[in-house]
Amino acid sequence: MFRTLNRWALVLGALVVPTLVWAQTAPAPAPAPAPSTGPTAESIIWGLLILAMLLVVVFLLLLLMLAVITDYFLRLKFGKGIFPVLKAIELPTWLSWSKFTGLRGTSAAAQQRMDQPLGHDYDGIEELDNAAPPIFNYILVGTIAFAVVYLLVFHVFRSAPLQQEEYALAVQRAEAEKAERDALAKDQVNETTVTLLTAGPDLDAGKQIYTQNCVVCHAADGGGLVGPNLTDAYWIHGGDVKDLFRVIKKGGRAGKGMIAWESQLTPSQMAQVASYILKTFPGTTPAAPKAAEGELYTPAGAAPADSTQQQPTETKPQASAQ
């Protein structure tokens, strides 16, 4: 048996080692782009149906094996089984269990060698010249065939991703799903759940929205034109991000000119422009600041603002609300 193993090992080494050397020098293909969507409902249903059918087949095979084992022991014990019709069934030689165990069908020369001592005695235990069951050779040949196929599929033709590539693809899918969830969560904010955004991409998006929609009323530097000054500490409707989000969404007081932007901007866009205003303009000095309007606003937890700064003036009917 060991001579047979050595021969197979030499043949496998002669085939595999050069192929492995070539595979390691070949460039690895770039991972395919990961899809951003998960499995569809139809694919899940079909997968469950296939799994259910496989479970049914396995269950039937287990029942058949239990019945055959029960029949065997009944015949052994009582001479009568539960499957009399099976008496007439004779399996072909290549399907018989003895073909794999080597208990029958052994050659005459092998039978002469069987049970012959090899002269090795270990504390009364003798080593006999018995051939290994053929099933061991079949398992050995099967594993070698599997190794060759695996080598060709994963390392030569690279038709399937390796474990590292599968991990990279899984990470890409997870990141895409996270980005989708984050985008969906941003568009679910409202005036009670909005928070001040500080990330660079959000502030850049808020600046673009402000430039396109708000400059005409509040000036590029926030000093105010038709709309109020955004740089001082006085606010008409409150200076918190929730207050500013509410004003952008619903508009200012009636007759002030501030429209409701909820039909033109998404919740995430309104949160971005509100955060941009609060992170950019307060405390700056515009070129031509408009007189302060509204009431002095002090952020929660901050020191009281200096009451000697410019006092607010009467709000004009034509001005848009902060």
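Structure values in brief
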| quantity | calculated |
| --- | --- |
| Local electrostatic count, V171, Cβ distance below 13 Å [Lys/Arg +1, Asp/Glu -1] | -2 |
| Candidate residues L230, L64: accessible-area rank, largest first, probe 1.4 Å | L64, L230 |
| Where labels lie 7 Å past Cα in the beta-carbon direction, separation of F136 and W46 in nm | 4.6 nm |
| Order of exposure, largest accessible area first, which applies to M53, M270 with probe 1.4 Å | M53, M270 |
| Gyration tensor over alpha-carbon atoms, region 124-263, equivalent ellipsoid semi-axes in Å | 72, 16, 12 |
| Region 144-207, accessible area per residue, ligands and nucleic acids excluded (1.4 Å, Å²) | 68 Å² |
| Estimated distance in nm for a label pair at V149 and Q188, the labels positioned 7 Å out from Cα along Cα-to-Cβ | 4.6 nm |
| Local net charge near D240, Cβ-Cβ under 11 Å (Lys/Arg +1, Asp/Glu -1) | 0 |
| Sorted largest first, extent of region 178-254 alpha carbons per principal axis (Å) | 41, 23, 22 |
| Computed label-point distance, nm, for sites A300 and H120 using a 7 Å Cα→Cβ extension | 8.2 nm |
| Extension gain from V156 to A288, taking 0.36 nm per residue of separation minus the Cα-Cα distance | 40.4 nm |
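The values are calculated or read from the model by the stated rules, or taken from the named source; none is laboratory data. From a predicted model like this one, the values you see are computed outputs, not experimental measurements. Heads up, the Cβs are rebuilt from the backbone with ideal geometry, glycines too, and the neighbour counts pull from every protein chain shown. Heavy atoms of the whole protein, side chains included, go into the accessibility calculation; ligands, DNA and RNA do not. Shrake-Rupley method; radii C 1.70, N 1.55, O 1.52, S 1.80 Å.
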